[in-house]
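**Student:** Below are the structure tokens for one structure; questions will follow.
The values are calculated or read from the model by the stated rules, or taken from the named source; none is laboratory data. Bear in mind that the values here come from a model prediction, so they are computed numbers and not experimental data. Positions of Cβ are backbone-derived with ideal geometry, glycine not excepted, and every protein chain shown enters the neighbour counts.
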Ligand SMILES: Nc1nc2c(c(=O)[nH]1)N[C@H]1C(S)=C(S)[C@@H](COP(=O)(O)OP(=O)(O)OC[C@H]3O[C@@H](n4cnc5c(=O)[nH]c(N)nc54)[C@H](O)[C@@H]3O)O[C@H]1N2
Ligand SMILES: Nc1nc2c(c(=O)[nH]1)N[C@H]1C(S)=C(S)[C@@H](COP(=O)(O)OP(=O)(O)OC[C@H]3O[C@@H](n4cnc5c(=O)[nH]c(N)nc54)[C@H](O)[C@@H]3O)O[C@H]1N2
Ligand code: SF4
Ligand SMILES: [Mo]
């Protein structure tokens, strides 16, 4: 079979590589060797030809003049952005020489890999890199920035990332989007909900701290005070038990702890819960009745409420609801937090932890990057960053950038662009885009595994992550054959996983033929919780130091600044990706902060005026958007904007680096700020 790269013209199958649940099937239109158009693949069973505006404009990004074309070394101060071109040989030689010296003098743990899922391809994001750093014996990174608190919380109840098949949710008659701005972050779930509304009158409820794009299309928007969702879920349970809207036979057969739970939730009556959440008691009762009496009912559990001090417990709690009503057995009912366990593959084969030879290397939580660079003993002396942009996306941003400035830190950044993080690098390496690579993708929402084959030649001198780690392995003198495996071999090793029968029929060759293949998924008859059942009461939680029953624990009151500050994603960027593309920033205009009318009055502030937002960590300048889209005392901003001249729009300058209740998770949304009107320029 000739490769797609060899054909200068044509339409080629592809998959969106971004960190987005939808993982759309794409078609790339190629003319004279260049991609001229990116569109949705109409044959893709879930995404059906529709893609977001961000990726429809992907050619702006992959052919952007600003893309890194060759390796560079720093010639100015850290952060200044002065670099000079070097060859790949010199780049690899410089890195490996420094690392060999660190191995001798400081030990391998002085080196820290720092990565995330800027490209969700498994070989790219957690493949050859893991082999390399295992063999090196470097410090390990706990990649807890995104969904780890919620995942652990969900696992306590459900035993793994098992939820509803989103394709089935077309049958649902009630959709609850709980702390997810799905119009922007999971658009095809919204499409399905809207179809269900049209076909059989399904209702859409949105529970959020912000009347966001998703709330605007809901039948009922329920504004809630930040970090109080656990109380709301407990209030719903209270009403479900009190009004006998539970499915007793389901509870008997498939759960443990329902009697304890019934007693426990007696305290969360609607009046009590109303005081905590800011939701009128009668609305809590109405919501519980709608949930208890509608079947199929489906909850899309978002990432927002789990980016709080109590985020793990929220997801643990809300994931008990479908069990109370027996919705797991109803086609289209249930919930999705994530579905990745259905598509789990052989990560040992791919990542080769055996290369670590049982060394107990230290683990560093990625949410504590600033702290780690500034204070850790023995110190981190080299940082290798790929697939993430911590200078913008990591919490406590001022600490992160302070750490990146350290003179004795040797930093390498591999990216497609000279990101805010790359400005601090000693060596910058150019990365290929996903359209230039071979990789496989497993969605964490739908049930398809998809293949990307290279469609275009590597951009200038850019190299894939897999290729760079092969070169680094060679440079370090590593002789294991693990570093010689081809992409096709890596894919087949990964998909060779008897423990997951759902993917038994999927391998590289079937993916070459079909591009996307659905796993033969069944909702597991026995869950991998300790009891094999849905655990409404969890002994394991007790052992781990948590209340064994779902329990509302208020946010930490970290200061007396007046506003709870929620710095959420926006529509036209993907985290910080696209924040450097003119087309995308034009659509977003400028970073704003949403405030309630009453608060604005008190601040003497009018819509459209600029405000200084600050706390003990830093400050930002944002444009005030005044109205009724948030409750009093709440300030919401959207988008991880890049650094402007004076960096006053980096919202993570204000976010806390406290660790959430579970999974080492981030608490982006649990911080507080003060706000004042800017009176002079
Ligand atoms: N367009 C776009 N799409 C994206 C991304 C992006 O940046 N832009 N990022 C991708 C990534 S990595 C992820 S993890 C997902 C995240 O996507 P989502 O699951 O949608 O999560 P968030 O956008 O973090 O937050 C969702 C909502 O939670 C709300 N929220 C905050 N605190 C609370 C609370 O205490 N209670 C309630 N009920 N709501 C609260 C916020 O106002 C926000 O509207 O999206 C992915 N898709
Ligand atoms: N305030 C606030 N902060 C947040 C969040 C929030 O909601 N609010 N969300 C958090 C969440 S959920 C997440 S997941 C993180 C995400 O944060 P990041 O993981 O940093 O995501 P991006 O900002 O998209 O940066 C990805 C980078 O990877 C690069 N890249 C893409 N493909 C490749 C490749 O193949 N190889 C290499 N070497 N590089 C590549 C891109 O060019 C880009 O610079 O942000 C977190 N930060
Ligand atoms: S970012 Fe999400 S919605 Fe947009 S094309 Fe990619 S997978 Fe689809
Ligand atoms: Mo994320």
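**Student:** So which residues in the range 38-52 are out of contact with any helix residue (DSSP H, G or I) (no Cβ under 7 Å at 6 or more places or on another chain) and near ligand 3 (Cβ under 8 Å from one of its atoms)?
**Tutor:** Answer for the range 38-52, where residues must be out of contact with any helix residue (DSSP H, G or I) (no Cβ under 7 Å at 6 or more places or on another chain) and near ligand 3 (Cβ under 8 Å from one of its atoms): 40, 51.
**Student:** Please state which of the following conditions residue 65 fails to meet, knowing it meets all the rest: (1) away from ligand 4 (no atom under 16 Å from the Cβ); (2) within 18 Å of residue 642 (Cβ to Cβ); (3) in contact (Cβ under 8 Å) with a residue 24 or more places away in the chain.
**Tutor:** The one condition residue 65 does not meet is (3).
**Student:** Let me ask something else about it. What are the residues in the range 172-199 that are touching a helix residue (DSSP H, G or I) at 6+ places or on another chain (Cβ under 7 Å) and within 18 Å of residue 40 (Cα to Cα), if any?
**Tutor:** Answer for the range 172-199, where residues must be touching a helix residue (DSSP H, G or I) at 6+ places or on another chain (Cβ under 7 Å) and within 18 Å of residue 40 (Cα to Cα): 183, 184, 189, 190, 192.
**Student:** Taking the criterion of being in contact (Cβ under 8 Å) with a residue 60 or more places away in the chain, over 30 Å from residue 280 (Cα atoms), within 16 Å of ligand 3 (Cβ to nearest atom) and not in a loop (DSSP other than H, G, I, E, B), would at least one residue in the range 656-666 satisfy it?
**Tutor:** No; the residues of the range 656-666 include none that is in contact (Cβ under 8 Å) with a residue 60 or more places away in the chain, over 30 Å from residue 280 (Cα atoms), within 16 Å of ligand 3 (Cβ to nearest atom) and not in a loop (DSSP other than H, G, I, E, B).
**Student:** Here is a follow-up. Of everything in the range 27-37, what is touching a helix residue (DSSP H, G or I) at 6+ places or on another chain (Cβ under 8 Å) and either without any contact (Cβ under 8 Å) to a residue 24 or more places away in the chain or surrounded by fewer than 16 Cβ atoms within 10 Å (Cβ to Cβ) (or both)? Give them in sequence order.
**Tutor:** 36, 37
**Student:** Still on this structure, please answer the following. Could you say whether any residue in the range 363-384 is farther than 20 Å from residue 665 by Cα, within 16 Å of ligand 2 (Cβ to nearest atom) and either over 23 Å from the mean Cα position of the chain (by Cα) or touching a residue at least 24 places away in the same chain (Cβ under 8 Å) (or both)?
**Tutor:** Scanning the range 363-384 turns up at least one residue that is farther than 20 Å from residue 665 by Cα, within 16 Å of ligand 2 (Cβ to nearest atom) and either over 23 Å from the mean Cα position of the chain (by Cα) or touching a residue at least 24 places away in the same chain (Cβ under 8 Å) (or both).
**Student:** Here are the criteria: (1) under 27 Å from the mean Cα position of the chain (by Cα); (2) at positive phi; (3) surrounded by fewer than 22 Cβ atoms within 10 Å (Cβ to Cβ). Tell me which single one residue 23 does not satisfy.
**Tutor:** (3)
**Student:** Please go through the range 137-158 and pick out each residue that is away from ligand 4 (no atom under 15 Å from the Cβ), in a loop (DSSP other than H, G, I, E, B) and in contact with a strand residue (DSSP E or B) (Cβ under 8 Å, 6 or more places away or on another chain).
**Tutor:** 138, 139
Conditions tested, residue by residue: (1) surrounded by fewer than 18 Cβ atoms within 10 Å (Cβ to Cβ); (2) more than 25 Å from the chain's Cα centre (by Cα); (3) not in a helix (DSSP H, G or I).
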position	(1), (2), (3)
527	no, no, yes
546	no, no, yes
555	no, no, yes
564	no, no, yes
571	no, no, yes
583	yes, no, no
600	no, yes, no
611	no, yes, yes
622	no, no, yes
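Results for (1) crowded, with 17+ Cβ neighbours inside 10 Å; (2) modelled with pLDDT of 95 or more; (3) away from ligand 1 (no atom under 16 Å from the Cβ), shown as yes or no for each residue.
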{"residue": "40", "(1), (2), (3)": "yes, yes, no"}
{"residue": "44", "(1), (2), (3)": "yes, yes, yes"}
{"residue": "63", "(1), (2), (3)": "no, yes, yes"}
{"residue": "74", "(1), (2), (3)": "yes, yes, yes"}
{"residue": "78", "(1), (2), (3)": "yes, yes, yes"}
{"residue": "82", "(1), (2), (3)": "no, yes, yes"}
{"residue": "85", "(1), (2), (3)": "no, yes, yes"}
{"residue": "92", "(1), (2), (3)": "yes, yes, yes"}
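**Student:** So for the range 448-463 (the condition being farther than 24 Å from residue 59 by Cβ, touching a helix residue (DSSP H, G or I) at 6+ places or on another chain (Cβ under 7 Å), at pLDDT 95 or above and outside any strand (DSSP E or B)), does at least one residue qualify?
**Tutor:** The answer is no; no qualifying residue exists.
**Student:** Being more than 16 Å from ligand 1 (Cβ to nearest atom) and either farther than 29 Å from residue 368 by Cα or within 19 Å of the chain's Cα centre (by Cα) (or both): is that true of residue 170 here?
**Tutor:** Taking the combined requirement at face value, the residue satisfies it.
**Student:** Take the range 289-304 and flag every residue that is in a helix (DSSP H, G or I), more than 16 Å from ligand 1 (Cβ to nearest atom) and buried (at least 23 other Cβ atoms within 10 Å of the Cβ).
**Tutor:** Residues satisfying the conditions do not exist here.
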